[in-house]
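Just below is one structure, and these are the notes that go with it.
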Ligand SMILES: Nc1ncnc2c1ncn2[C@@H]1O[C@H](COP(=O)(O)OP(=O)(O)O)[C@@H](O)[C@H]1O
Ligand SMILES: [Mg+2]
């Protein structure tokens, strides 16, 4: 089991960001998390890497009880996860190359290992040409690929990406999803949140729909298009 | 390991380059605080040395008239020792005193050809400091005696000076040190805020709390260290100038024992600064660096 949420609630104000959420994701799965803004997708992701704590319930990631890990234990969990956050995925004053290298140095890679690893992931995401550019010089799609490259630099078994296709045109969005599917084919479990109906339809993967802090439906991989239609109608994508 | 150290130092350097004004404020306050503390420390050390070099509260120095013969001097010594209040009287013959004086001043003046201007001296020790004024008074009445010096007044001056320095130096120095600590804390806090994204990226890739905090702690230590080094330099410079001026004004100061060794100041103040800076930076990171 890569991820398991048991009766998880997160309280924010009266309504709460998550209410009694249950979710299981097997190792090697590719999962879309869909839902309107404010549905609780980011909150759910933050639970997975321990930036938020559940008010109630249990959060298990890669066999570890994240809901009761101490702050000093979180880094070792996060080294097994690739995280593409929704906001500020890149350091603005560092080049693409430096952005990826920075994370590796911070967890103790030596210079030659850093060089080797950065070159590998840049090739994987197709950003060799842009290695020396600053985030501000990149297109939206390139910036997302750089963020994904940084997240997978450590070769983690679990990758979570929070709305990596936000503000991207359809073709570029699909390129990003193709990249994530490729990373999934190499063995990593991938969970990605999105609003984008077209790419979800095209990818034919498991879809978990959220609305106002709850999971409304969970359509397995290869589910019927009708089910998806109902799902979209219910979460108003 | 080398790569690791390079990474941490580079991060520290990046931190220091932010908020130049804040850095300057923190460093200069630390510097002024440490100057006061260092200066007070040096002065106290010197005053302590001076106090212990002064004749004790039990002693009075009795200078005889030049006309008094050695025989009369010895008679007086015997008479004084017969008094109830006197524990001991010691004669320092004028030739011996002169020889000592010549040696002490040998570097500055050649006294070889000058006739001995010094009188015989009796050092009188009483059993109880309270009796010293009365004994001094009584000795003064002897026709053989030119002058009686009891050093209690001088000792009192030195001691009250020492108290003053302690209050002003340690009090003001302590207050300023507190201000410096708050400024360093605040500077580090602002750096942490200005590097929120770096902190987050490091946290997301799984950098340990300790390694995320270390550059900020080193930043605080550097501020304290630089402030302390500046303070040490300025304090020693001021002390050198002041002591030159004072020994020129009052030759007797040359007889005082040497002050605090410069090396102690040179190493002590920066170390103290670095420790304090590191401590409050550490405190700031505990509060503001979260993952
Ligand atoms: N830091 C916060 N403080 C208060 N409410 C928050 C905070 N973060 C999120 N929320 C609320 O929690 C709910 C879920 O937000 P979020 O997880 O960001 O949704 P999504 O990522 O699906 O857009 C929203 O109603 C949002 O307003
Ligand atoms: Mg979100």
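Considering region A:39-49, the residues that are under 17 Å from residue B:206 (Cβ atoms) and more than 8 Å from every other protein chain (Cβ to nearest Cβ) include one that is surrounded by the fewest Cβ atoms within 10 Å (Cβ to Cβ), namely A:46.
Here is a check on your reading of the model: is residue B:34 buried (at least 21 other Cβ atoms within 10 Å of the Cβ) and more than 31 Å from the chain's Cα centre (by Cα)? No, not satisfied.
Conditions tested, residue by residue: (1) more than 16 Å from ligand 2 (Cβ to nearest atom); (2) surrounded by fewer than 16 Cβ atoms within 10 Å (Cβ to Cβ); (3) in the same structural domain as residue A:187 (by TED's automatic domain parsing).
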residue: A:3; (1), (2), (3): yes, no, yes
residue: A:11; (1), (2), (3): yes, yes, yes
residue: A:19; (1), (2), (3): yes, no, yes
residue: A:30; (1), (2), (3): yes, no, yes
residue: A:36; (1), (2), (3): no, yes, yes
residue: A:56; (1), (2), (3): yes, yes, yes
residue: A:69; (1), (2), (3): yes, no, yes
residue: A:74; (1), (2), (3): yes, no, yes
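In this entry, residue B:22 passes the filter for residues that are in contact (Cβ under 8 Å) with a residue 24 or more places away in the chain, surrounded by fewer than 21 Cβ atoms within 10 Å (Cβ to Cβ) and assigned by TED's automatic domain parsing to the domain that holds residue B:191.
Of all residues in region A:153-178, those being surrounded by fewer than 21 Cβ atoms within 10 Å (Cβ to Cβ) and within 17 Å of residue B:204 (Cα to Cα) number 3. Restricting attention to region A:98-111, the residues that are more than 7 Å from every other protein chain (Cβ to nearest Cβ) and buried (at least 21 other Cβ atoms within 10 Å of the Cβ) total 5. Residue B:59: modelled with pLDDT under 85, in contact with a strand residue (DSSP E or B) (Cβ under 7 Å, 6 or more places away or on another chain) and buried (at least 16 other Cβ atoms within 10 Å of the Cβ), yes or no? Yes: the conditions hold for residue B:59.
Taken together, the criteria place residue A:181 among residues that are at pLDDT 95 or above, farther than 21 Å from residue A:76 by Cα, away from chain B (no Cβ under 14 Å) and surrounded by fewer than 20 Cβ atoms within 10 Å (Cβ to Cβ).
The number of residues in region B:143-177 that are more than 20 Å from residue B:44 (Cβ to Cβ), at pLDDT 80 or above and in a helix (DSSP H, G or I) comes to 0.
Consider region A:160-175 and keep the residues that are closer than 18 Å to residue A:124 by Cβ and within 16 Å of ligand 2 (Cβ to nearest atom). The one that is nearest to the other protein chains (Cβ to nearest Cβ) is A:160. For residue A:131, the stated conditions hold: it is without any contact (Cβ under 8 Å) to a residue 60 or more places away in the chain and touching a helix residue (DSSP H, G or I) at 6+ places or on another chain (Cβ under 6 Å).
Evaluation of residue B:194 against the conditions (1) surrounded by fewer than 21 Cβ atoms within 10 Å (Cβ to Cβ); (2) modelled with pLDDT of 85 or more; (3) within 30 Å of residue A:152 (Cβ to Cβ) shows that the sole unmet condition is (2).
When each of B:14, B:79, B:61 is tested for being out of contact with any helix residue (DSSP H, G or I) (no Cβ under 6 Å at 6 or more places or on another chain), farther than 30 Å from residue B:233 by Cα and part of a helix (DSSP H, G or I), the lone residue that passes is B:79. Across region A:63-92, the qualifying residues are those that are more than 11 Å from chain B (Cβ to nearest Cβ) and touching a strand residue (DSSP E or B) at 6+ places or on another chain (Cβ under 6 Å), and the one among them that is nearest to residue A:151 (Cα to Cα) is A:86. Scanning region B:87-130 for residues that are part of a loop (DSSP other than H, G, I, E, B) and surrounded by 13 or more Cβ atoms within 10 Å (Cβ to Cβ) yields B:93, B:111, B:116, B:118, B:119, B:120, B:127. Within region B:183-218, the residues that satisfy the criterion of being part of a helix (DSSP H, G or I), facing chain A (nearest Cβ under 10 Å), within 45 Å of the chain's Cα centre (by Cα) and more than 16 Å from residue B:10 (Cβ to Cβ) are B:196, B:209, B:210.
Has region B:191-198 got at least one residue that is touching a residue at least 24 places away in the same chain (Cβ under 8 Å) and closer than 30 Å to residue B:37 by Cβ? For region B:191-198, residues touching a residue at least 24 places away in the same chain (Cβ under 8 Å) and closer than 30 Å to residue B:37 by Cβ: present.
Residue A:150 falls short on exactly one of the conditions (1) crowded, with 20+ Cβ neighbours inside 10 Å; (2) touching a strand residue (DSSP E or B) at 6+ places or on another chain (Cβ under 6 Å), and that condition is (2).
The values are calculated or read from the model by the stated rules, or taken from the named source; none is laboratory data. None of the values given here were measured: they were computed from a predicted structure. Here the Cβ is made from the backbone with ideal geometry for all residues, glycine too, and neighbour counts use every protein chain on show.
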